[in-house]
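What follows is a set of notes on a single structure, which appears directly below.
The values are calculated or read from the model by the stated rules, or taken from the named source; none is laboratory data. These numbers come from a predicted model, not from an experiment. Here the Cβ is made from the backbone with ideal geometry for all residues, glycine too, and neighbour counts use every protein chain on show. Side chains are part of the model used for accessible areas, which takes the heavy atoms of the whole protein and leaves out ligands, DNA and RNA. Shrake-Rupley method; radii C 1.70, N 1.55, O 1.52, S 1.80 Å.
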Amino acid sequence: MEFESILLPGIDDKRPLVIAGPCSAETEEQVTATARQLADNGVKIYRAGVWKPRTKPGGFEGIGSPALGWMMQAKKETGMYMSTEVATEKHVYESLKYGIDMLWIGARTAANPFAVQEIADTLKGVDIPILIKNPVNPDLELWIGALERLYNAGIKRLGVIHRGFSTPDKTIYRNLPQWHIPIELKRRYPTLPIICDPSHIGGARNLIAKISQQAMDLNFSGLIIESHCSPDEAWSDKAQQVTPDALKEILDNLVIRDTVQ
Ligand code: PEP
Ligand code: MN
């Protein structure tokens with residue numbers, strides 16, 4: 001597989017490509033306030049989950065389509081590109097209808113070939129960058145299989161997100177990085193952009209800087225980091241979200257070396 005650029009107009013290829021925003025879109029005020037602060041701090045691509053795949057029922061499962069309207073309003077105001085997670089045909093249709101710029105497939109969905117195929121079929125002939133998170137389990141072939149399903153549907157603007165792998169063991173990480181897996185993926189597909197998600201790997205604010213630096217030292221293309229205007233009040237993943245100012249500090253302190261691949 002040979003991939004085409006996931007970069008959107010006006011975004012340069014300087015590392016890291018940064019995508020940031022809240023785990024979930026919660027209210028119009030939270031979407032807007034977070035977007036304004038991130039844009040002021042130089043972020044160009046905004047993320048927010050509109051449909052949330054929760055491990056157990058009863059949690060906040062997302063606002064759904066109305067949140068796409070809030071995001072598009074934030075785009076109009078800040079000029080940032082908008083990205084969200086899709087897991088079904090309906091999510092893809094709704095996101096495209098509202099004008100979302102970039103989509104990602106979540107870790108639980110990436111582990112389900114039927115769901116990935118449904119998304120790929122829905123996206124046939126649509127020119128939009130898609131990022132595929134690794135499946136929750138450490139299965140490189142399943143991750144590649146998801147990539148192939150999209151690629152075979154004609155989508156060439158593809159990238160992957162390394163968000164770590166679930167483990168029954170108690171570790172400092174929420175999801176084990178198992179860096180050798182994305183490294184092997186990059187060895188096989190050198191033109192594939194890999195973006196690290198230190199928020200879901202670490203599961204904790206204080207781990208984000210270190211994991212981000214490790215990803216840069218491994219020549220990853222970018223970072224997707226959860227950032228919320230009031231992280232302690234977040235409706236999902238509060239322990240791992242940082243304020244837009246804390247995000248800026250993390251990014252400003254990264255050392256970007258041109259390491260040998
Ligand atoms: C998310 O990005 O908020 C999310 C649900 O992540 P993951 O699919 O990696 O668990
Ligand atoms: Mn999250």
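General observations
- Considering only the chain, percent of DSSP beta bridges that pair antiparallel, nearest 5: 5
- From the C-alpha gyration tensor of segment 99-147, square roots of 5λ in Å: 19, 11, 9
- Structure note, pairs LYS75/LYS210; LYS14/LYS97; LYS14/LYS238; LYS76/LYS133; LYS14/LYS248: Cα-Cα distances above 25 angstrom occur for LYS75/LYS210; LYS14/LYS97; LYS14/LYS238; LYS76/LYS133.
- Most positive-pole-ward Cα, ILE201, PRO190, ILE224, against dipole of segment 177-236 from beta carbon charges: PRO190
- Alpha-carbon Debye profile of segment 171-222, log10 I(q)/I(0) at 0.19, 0.30 Å⁻¹: -0.60, -1.22
- Choice from ASP12, ASP40, ASP121 with maximal GNM fluctuation in the chain (Cα, 10 Å cutoff): ASP12
- Solvent-accessible heavy-atom area per residue, rounded to whole Å², over the chain at 1.4 Å: 43
- Highest-MSF residue in the chain out of PRO22, PRO231, PRO190 [GNM, Cα springs under 10 Å]: PRO190
- Extents of segment 6-123, taken as max minus min of Cα coordinates on every principal axis and listed largest first, are 39, 32, 25 Å.
- Segment 96-206 - percent of accessible surface contributed by carbon and sulfur, probe 1.4 Å: 52
- This model, with +1 at the C-beta of Lys and Arg and -1 at the C-beta of Asp and Glu, gives the chain a dipole about its Cα centre of some 320 debye.
- Across the alpha-carbon atoms of the chain, the computed radius of gyration and Dmax are 16.7, 47 angstrom.
- Per-pair calculated FRET efficiency, R0 = 25 Å: ASN219 and GLN73 via Cβ, rounded to 0.05: 0.10
- If you run the Gaussian network model on the chain, springs between alpha carbon atoms under 10 Å, then out of ARG163, ARG188, ARG205 the most flexible one is ARG188.
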